[in-house]
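Structure, as structure tokens:
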Amino acid sequence: MDLFEYQGKQLFARYGIPVSKGDVAETVDEAVRAAEAAGYPVVVKAQVQVGGRGKAGGIKLAENADEVRLHAGNILGMDIKGHVVKRVWIEHASDIAEEYYASFTLDRSAKKYLGMLSAQGGVEIETVADENPDAIARLSIDPVDGLTESACRTWVEQAKLNPAATDGAVDILMKLYNAYVDGDADLVEINPLILTPEGKVHALDAKVSLDENARFRHPEWDELVGLEKTDAREFEAAEKGLQYVGLDGTVGVIANGAGLAMATCDIVHEVGGRPANFLDIGGGASAQVMANALEVINNDPSVRSIFINIFGGITKGEEVANGIVQALDQVAIASPIVIRLDGTNADEGRAILSGYESDRLVSKPTMVEAARTAVEMAEARS
Amino acid sequence: MSILVNADTKVIVQGITGGQGRFYALRNRAYGTKVVGGVSPKKAGTDVEGIPVFASVADAVRETGATATMVIVPAAGAASAVIEAAEAGLELIVAVTEGIPVHDEARFYNQVARDFPSSRILGPNCPGLLTVGECNIGFIPAEVAKPGGPVGIVSRSGTLTYQALNELAQKGIGVTTCVGIGGDPVPGTSFIDCLALFEADPDTKAVIMFGEIGGSAEEEAADFIRTKMSKPVVSYIAGVTAPPGKKMGHAGAIVSGSKGTAQAKMEALEAAGVRVATNPTAAGELMAEVVGGL
């Protein structure tokens, strides 16, 4: 779950990381109140989960209340790469002497944590990595041992920050590591981490992604629910407990298992169609779960046909077929459906489905044939 | 021959008294797996249809001589269950539990690797493994599979593992061992581990490897295949159509920027001499050609 900048900063503040004084605002009046509290000059920052806010005009400096009104008015409602700005973050503007970069994430190849620190901050770290890889000091951290202060200090020295920033950087990095591990984050990133002319080190931005699997030990995350979904279909699917990712095609996809669901999207693409979504209903395929999945797909206006791809494993073919038939009773479906059922007792399952077949419900024995039929149906109705 | 497990492997089940644990323990036993015990601190001294339940893994190992375990406990208790299994000296820890926090996975993987180097973790969030006709630990529907080889299967995804077994069974091709390594970010056993074991197994003559987007495990496997493997490999990578930045069901299945794409993985595998199929059925057909030419 990706956090907005303001949520990330609130999380940082809980771990003692210095951030600018500020507040979040959803209206121009709230923005002015937040600016008065923070003290002028302030920065008005669009809260969207996409890069390039500054270039799009989503970050502005304001010296007084009139300028806050002007900029907040322009930025609220602005469309930045398809993300509509619903909130702005207002914070006291910082004087910047130098800009750095710092992050912690998992190095999947090494199966250790990876800390990255660079004296070249304020730009995308991918750009630094491509153009000047030596400018990034990398630290591999054993998750059992954790990060010691002496290892952290050596790392900061390797990154060749301004010596005036060393103590402040070590302090922030130790706290950031704590936020990463204790906070159950997949990623914590500060870009830029700044050194002020007074010699203070300070987080000017916050990028945090939390590990959904750790939700059971973080009741405080409940207040963050729902803020990150920009796709209405994904929101509805999440409410029904389905693994769903919205895509931009016309063939609705339902499959059991993440790998099979991806493979189903791929094969639709391979035979010349475009999947409307990825949807994994999990290992089993009960009537209720299938009905929920069909409802989500049915509510997507761009769907022209539906491809249900089920591999009966533990759940036998006849149970899957009965589940589909019951689900069709519960939901009135606008698009024609193609079903491919394979695996344990697939023949029994297909026999059940054959009693319900029509030009609206077709059963095919293989993935490729089913995908072709679903794509033809979608094209015929486009 | 086979890899990792065979007809003699004695298995215990951590979490045997839960609904899922009981179901799969009995199902695995019905297949012929030697399920010799279970662990449940609160129900020690009872039994599950004749399978004795012990208070701790150490007790179960002492009484039964088990060398493998299936960890099928809730996600919150998985880390301590895995460590307990390693401390008791089990060689193979099959963690099927899904939804484990990534920091827990990273910690128990590294702790076991450092302090208990003779223990191997498979998973977490994996469907388990099957040596056809001998031993099934986990969720794999084994009934369709034909024993005896010559093909070994390794896959990140559960349902695609079953799909691979099914494609081969329909063509009358036998399988030695089928391993689901799981789709989480810190898998205890990698593609490379399985490829090396299959390379050393005399009854495995060819390998099917099903990967998916995210991470670089498939690229690392390609490097291993190019430099260390003599046996032919057929592969399929799921997620060609996956958009960047979205988790596709598995926590580990995510394209980050330009990294972890299906395209890059397919190219790396092709460059290593692997026959790469564009869908699971085509992979089965390619493997039929390979087996026909053995």
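The values are calculated or read from the model by the stated rules, or taken from the named source; none is laboratory data. These numbers were taken from a predicted model, which means no experiment stands behind them. Cβ sites come from the backbone with ideal geometry, for glycine too, and all protein chains shown count toward neighbours. Surface areas here come from the heavy atoms of the whole protein model, side chains and all, with no ligands, DNA or RNA. Shrake-Rupley method; radii C 1.70, N 1.55, O 1.52, S 1.80 Å.
Structural remarks
- Qualifying positions in segment A:123-152 - open to solvent by 80 Å² or more (accessible area, probe 1.4 Å) and within 28 Å of the chain's Cα centre (by Cα): A:Glu124, A:Glu126, A:Asp130, A:Glu131, A:Arg138, A:Ser140
- Qualifying residue in segment A:67-88 (condition: within 14 Å of chain B (Cβ to nearest Cβ), open to solvent by 70 Å² or more (accessible area, probe 1.4 Å) and either closer than 26 Å to A:Lys21 by Cα or in contact with a strand residue (DSSP E or B) (Cβ under 6 Å, 6 or more places away or on another chain) (or both)): no
- Residue match in segment B:180-203 (condition: open to solvent by less than 10 Å² (accessible area, probe 1.4 Å), within 11 Å of chain A (Cβ to nearest Cβ) and free of Cβ contacts under 8 Å to residues at least 40 places away in the same chain): no
- When the residues of segment A:346-382 are filtered to those that are away from chain B (no Cβ under 14 Å) and acidic (Asp, Glu), the one that is least open to solvent (accessible area, probe 1.4 Å) is A:Glu357.
- For segment B:142-161, the tally of residues that are facing another protein chain (nearest Cβ under 9 Å), open to solvent by less than 20 Å² (accessible area, probe 1.4 Å) and free of Cβ contacts under 8 Å to residues at least 40 places away in the same chain stands at 2.
- Top-ranked residue in segment B:206-224 [being open to solvent by less than 10 Å² (accessible area, probe 1.4 Å) and outside any strand (DSSP E or B); ranked as farthest from the other protein chains (Cβ to nearest Cβ)]: B:Ala222
- Unique residue being closer than 28 Å to B:Ala106 by Cα, of a type outside the set (Phe, Trp, Tyr) and in contact with an Asp or Glu (Cβ under 6 Å, 6 or more places away or on another chain) when the list is B:Val186, B:Val179: B:Val186
- Cβ-Cβ under 6 Å pairs, at least 6 apart or on other chains, segment A:173-187 side at positive phi, far side among the aromatic types (Phe, Trp, Tyr) and buried (at least 24 other Cβ atoms within 10 Å of the Cβ): none
- Taking the criterion of being within 29 Å of A:Gly282 (Cβ to Cβ) and away from every other protein chain (no Cβ under 14 Å), the residues of segment B:91-119 that qualify are B:Leu92, B:Ile93, B:Val94.
- Restricting segment A:193-212 to residues that are open to solvent by 20 Å² or more (accessible area, probe 1.4 Å) and more than 14 Å from chain B (Cβ to nearest Cβ), the residue that is nearest to the chain's Cα centre (by Cα): A:Asp205
- Condition check for B:Ala164: surrounded by fewer than 24 Cβ atoms within 10 Å (Cβ to Cβ), within 12 Å of another protein chain (Cβ to nearest Cβ) and among the aliphatic types (A, V, I, L, M): no
- Qualifying residue in segment A:180-195 (condition: among the polar types (S, T, N, Q) and at pLDDT 95 or above): no
- Residue match in segment A:313-335 (condition: surrounded by fewer than 24 Cβ atoms within 10 Å (Cβ to Cβ), without any contact (Cβ under 8 Å) to a residue 24 or more places away in the chain and within 12 Å of chain B (Cβ to nearest Cβ)): no
- Contact map, segment B:279-291: first residue farther than 15 Å from B:Phe210 by Cβ, second residue of a type in the set (Asp, Glu), Cβ cut-off under 9 Å, separation 6 or more or different chains; pairs are B:Ala288/B:Glu167.
- Matching strands (runs of 3 or more DSSP E) fully within segment A:236-291 where at least 1 residues are facing another protein chain (nearest Cβ under 9 Å) and under 21 Å from the mean Cα position of the chain (by Cα): A:243-246, A:277-280
- Residues in segment B:107-140 that are part of a loop (DSSP other than H, G, I, E, B) and touching a residue at least 24 places away in the same chain (Cβ under 8 Å): 13 in all.
- Qualifying residue in segment B:25-33 (condition: of a type in the set (S, T, N, Q) and more than 19 Å from B:Ile140 (Cα to Cα)): no
- Members of segment A:58-116 found to be among the charged types (D, E, K, R) and either within 30 Å of B:Val186 (Cβ to Cβ) or touching a Cys at 6+ places or on another chain (Cβ under 6 Å) (or both), listed by number: A:Asp107, A:Arg108, A:Lys111, A:Lys112
- Considering only residues in segment B:247-268 that are modelled with pLDDT of 90 or more and within 16 Å of A:Ala263 (Cβ to Cβ), the one that is nearest to the other protein chains (Cβ to nearest Cβ) turns out to be B:Ala262.
- Of the residues A:Ser150, A:Ser140, A:Ser118, the single one that is among the polar types (S, T, N, Q) and within 14 Å of chain B (Cβ to nearest Cβ) is A:Ser140.
- Candidate set: segment B:29-60, residues that are loosely packed, with under 15 Cβ neighbours inside 10 Å and among the small types (Gly, Ala, Ser); chosen: the one nearest to the other protein chains (Cβ to nearest Cβ): B:Ala30
- Checking each residue in segment A:102-111 for being part of a strand (DSSP E or B) and at the interface with chain B (Cβ under 7 Å from one of its Cβ atoms) picks out only A:Leu106.
- If you go through segment A:310-336 and keep only what is modelled with pLDDT of 90 or more and either closer than 18 Å to B:Pro141 by Cα or in contact with a Lys or Arg (Cβ under 7 Å, 6 or more places away or on another chain) (or both), you end up with A:Ile310, A:Ser335, A:Pro336.
- Scoring B:Lys246 on the criteria (1) under 18 Å from the mean Cα position of the chain (by Cα); (2) not in a strand (DSSP E or B) leaves a single failure, condition (1).
- Test: residue in segment B:61-83 that is more than 23 Å from B:Ala113 (Cβ to Cβ), open to solvent by 10 Å² or more (accessible area, probe 1.4 Å), polar (S, T, N, Q) and not in a loop (DSSP other than H, G, I, E, B): yes
- Residue in segment B:107-117 that is in contact with a Phe, Trp or Tyr (Cβ under 7 Å, 6 or more places away or on another chain) and buried (at least 24 other Cβ atoms within 10 Å of the Cβ) present: no
- Filter result (surrounded by fewer than 20 Cβ atoms within 10 Å (Cβ to Cβ) and touching a strand residue (DSSP E or B) at 6+ places or on another chain (Cβ under 6 Å)) within segment B:240-276: B:Lys246, B:Glu270, B:Arg275
- Failed criterion for A:Glu220 (all others in (1) open to solvent by 40 Å² or more (accessible area, probe 1.4 Å); (2) in contact with a strand residue (DSSP E or B) (Cβ under 6 Å, 6 or more places away or on another chain) hold): (2)
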